[in-house]
Amino acid sequence: MRSIIHIDFNSYFATVEQQANPRLRGKPVGVTGGDRMERTVLGAASVEAKKYGVKTGMQIWEAHKLCPDIILVQGDSDKYLECTKRFLNILKDYSPNLEVFSIDECFLEGTVEIAKEIKRRIKSEIGEYITCSIGISYNKLMAKLAGSLQKPDGLVMIPDQQTAIQALDKVELDEICGIGSRIKKRLNNMGIFDFCSLRKAPLPALLASFKSYGQFLYNAARGIDHSEIVPFYEREEVKSIGHRHTIYHDTNDPQEIKQILLKLCEMVAMRLRSKNLIGKTISCWFRYGSDTLGAYLIHPPGVFRSDSMQTTTPHTNDGLEIFQSAWGIFQNIWTKDRIRMIGVSVSNLKSQTPCNLNFLKKEVINEVMDQINNKFGSFTLQRGVLLNSTSIKRAPNPYLSDRRFKL
């Protein structure tokens, strides 16, 4: 029987910051994604902060209310990615079958002894303050469940199906990967509130309610999972590339919004060109601020109005062309109320083929701009309209998306 290890770092972004700065150790720490910390959410909470009820994704004011002494640190994506690379370099010594599930989470084949050795190497080669929880089982689903049963710094094994069913009957439905709040609610509406009752549900009933996903639910309740480890170098190619930005003061200034959107479009375009991709579907979305009239009249506290739309254009990876479509979308659906977040993405991607002479000048300009910006830093060379515009940084993202690691 195969043995699969699931490794999940504990409070990853926060513990990396605590490892880098000993003064933060033992204290409640929250990692933010923005440079104006009062108007953003937590990208991570340290183990110490979680003891107060602070959670990842929580608004800053909520975290302060639960833990007045929380120390906020601006996230550093480069630092976390570098740490992940070092972690993956450790893992590749043990198995070629290594699946990167997120920036702080992975699967590989291995034994309990290998898992213990990996824990030791993380301490010695990455940092003594960085811990991980490890689950070991006969399939990926149960290995991930095992890893969640003892946090932080745990090591739990679910050796067989009988043990898996015992473990499943002690956890909530949404504590396994693949069952979120909406699926849980639908199951509850069917009178299913735990895995014991889910096992009693006939397969035809699950298929009728959930289509093919019903088979997953039927299997999961029995500790069955046939999914294979997908090595990171075999992962499906990216289907879309996008960026979004939270504006740390609600604004309805068209010029400010236009500058931010143009910069986001340039960032998307640079990533497309770096991968030799072009796309034809442009999507733009935004969220209104919490102090707009509609936010109070239509939605409950903490829920914000949002809007989105997409359009189809000729394939492109030019920032200005992407912006022209995105700005057109924005103008069509914006109600002139203040907004606090805006984003843009490009999908329907394909590899770029050599361009004709009519576009050669533009392609050369883009290539030179990319070379300069790659060497001296993003937006060293940029369009004049972006001078003195709002600074936009990539917020820490727990999912690796289209990134590829050079190990």
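A few comments on the model shown:
- Test for R2: is it over 23 Å from L145 (Cβ atoms) and either surrounded by fewer than 18 Cβ atoms within 10 Å (Cβ to Cβ) or at pLDDT below 95 (or both): no
- Some residue of region 244-259 being modelled with pLDDT under 95 and on the phi > 0 side of the Ramachandran plot: no
- Scan of region 86-113 for residues that are among the charged types (D, E, K, R) and more than 14 Å from F9 (Cβ to Cβ), ordered by number: K92, D93, E99, E109, E113
- Number of residues in region 122-160 that are farther than 14 Å from C83 by Cβ and assigned to a strand (DSSP E or B): the value is 9.
- Condition met for I71 (hydrophobic (A, V, I, L, M, F, W, C), in contact with an Asp or Glu (Cβ under 8 Å, 6 or more places away or on another chain) and farther than 25 Å from I158 by Cβ): no
- Among residues of region 136-157 that are crowded, with 19+ Cβ neighbours inside 10 Å, those with a Cβ under 6 angstrom from a residue that is acidic (D, E), sequence gap 6+ or separate chain, pair up as N139/D225; K140/D225; L141/D225; G147/D8.
- Close pairs from region 113-128: first assigned by TED's automatic domain parsing to the domain that holds T15, partner of a type in the set (F, W, Y) and part of a helix (DSSP H, G or I), Cβ under 8 Å, at least 6 apart: I122/F87; I126/F87
The values are calculated or read from the model by the stated rules, or taken from the named source; none is laboratory data. It should be emphasised that the depicted structure is a prediction, and the values quoted were computed from it without experimental measurement. Reconstructed Cβ throughout: ideal geometry from the backbone, glycine too, with neighbour counts over all protein chains shown.
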